[in-house]
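To start, the structure under review is shown below, and the notes come after it.
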Amino acid sequence: MARWGEGNFDNDFALDFLAEVVQNLLEDILFCVGPENHSLFCGETRLMPAIDILVTLGRAYPYIVGVKLSDQPINEWKKTYLRMFEERSDMDDEDQARRTIIAETFSNLEELVSKFKEGNTWL
């Protein structure tokens with residue numbers, strides 16, 4: 001096991017573990033936005049939490065999250081889920097507020113990945 005620093009992820013196995021966590025979150029996202037599973041339940045209990053976790057991890061470890069997500073269609077995920085949310089919600093004041101949070105969460109992930117692609121890996 002190679003260690004190159006004192007940090008929690010400054011060794012090969014810990015970094016592999018983090019990459020695995022990110023991959024598992026990505027798989028949850030792909031499952032929830034896939035055509036076979038367009039449900040608000042999946043979106044609200046797995047998709048949105050997974051995206052928020054990735055945003056949080058990406059701010060701390062952009063070099064892992066950015067690499068894993070740099071070729072993913074995040075904007076398409078956003079459009080798909082927002083459309084589904086609007087179609088299946090009452091869109092009352094509470095749903096409007098929730099929709100705003102959903103859009104912001106996706107935008108945060110888009111921004112994080114965009115900065116990574118530009119070479120700004122330390123956000």
(request) May I ask you to verify whether Ser89 is farther than 22 Å from Lys117 by Cβ, of a type in the set (Ser, Thr, Tyr), touching a helix residue (DSSP H, G or I) at 6+ places or on another chain (Cβ under 7 Å) and modelled with pLDDT of 90 or more? (result) yes
(request) Answer yes or no as to whether Lys79 is charged (D, E, K, R), within 21 Å of Leu30 (Cβ to Cβ) and free of Cβ contacts under 8 Å to residues at least 12 places away in the same chain. (result) yes
(message) Let me confirm something: among Asp71, Asp95, Asp90, which residue is surrounded by fewer than 16 Cβ atoms within 10 Å (Cβ to Cβ) and under 17 Å from Val33 (Cβ atoms)?
(response) Asp71
(request) Please enumerate the residues belonging to the range 32-51 that are surrounded by fewer than 17 Cβ atoms within 10 Å (Cβ to Cβ) and part of a helix (DSSP H, G or I). (result) Pro35, Glu36, Asn37, Leu40, Phe41, Glu44, Thr45, Pro49
(request) Please work out if Ser107 is closer than 29 Å to Phe17 by Cβ, among the polar types (S, T, N, Q), out of contact with any helix residue (DSSP H, G or I) (no Cβ under 8 Å at 6 or more places or on another chain) and part of a helix (DSSP H, G or I). (result) no
(request) For the range 11-31, state whether one or more residues are assigned to a loop (DSSP other than H, G, I, E, B), in contact (Cβ under 8 Å) with a residue 40 or more places away in the chain and out of contact with any Cys (no Cβ under 7 Å at 6 or more places or on another chain). (result) no
(request) Name the one entry in Gly58, Gly119 that is outside any helix (DSSP H, G or I) and under 21 Å from Phe9 (Cβ atoms). (result) Gly119
(request) Would you mind stating whether Asp12 is closer than 19 Å to Asp71 by Cα and either surrounded by fewer than 14 Cβ atoms within 10 Å (Cβ to Cβ) or of a type in the set (Asp, Glu) (or both)? (result) no
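The values are calculated or read from the model by the stated rules, or taken from the named source; none is laboratory data. Computed from a predicted model, the values in this text were never measured in an experiment. Please note: Cβ atoms are built from the backbone with ideal geometry, for glycine as well, and neighbour counts cover all protein chains shown.
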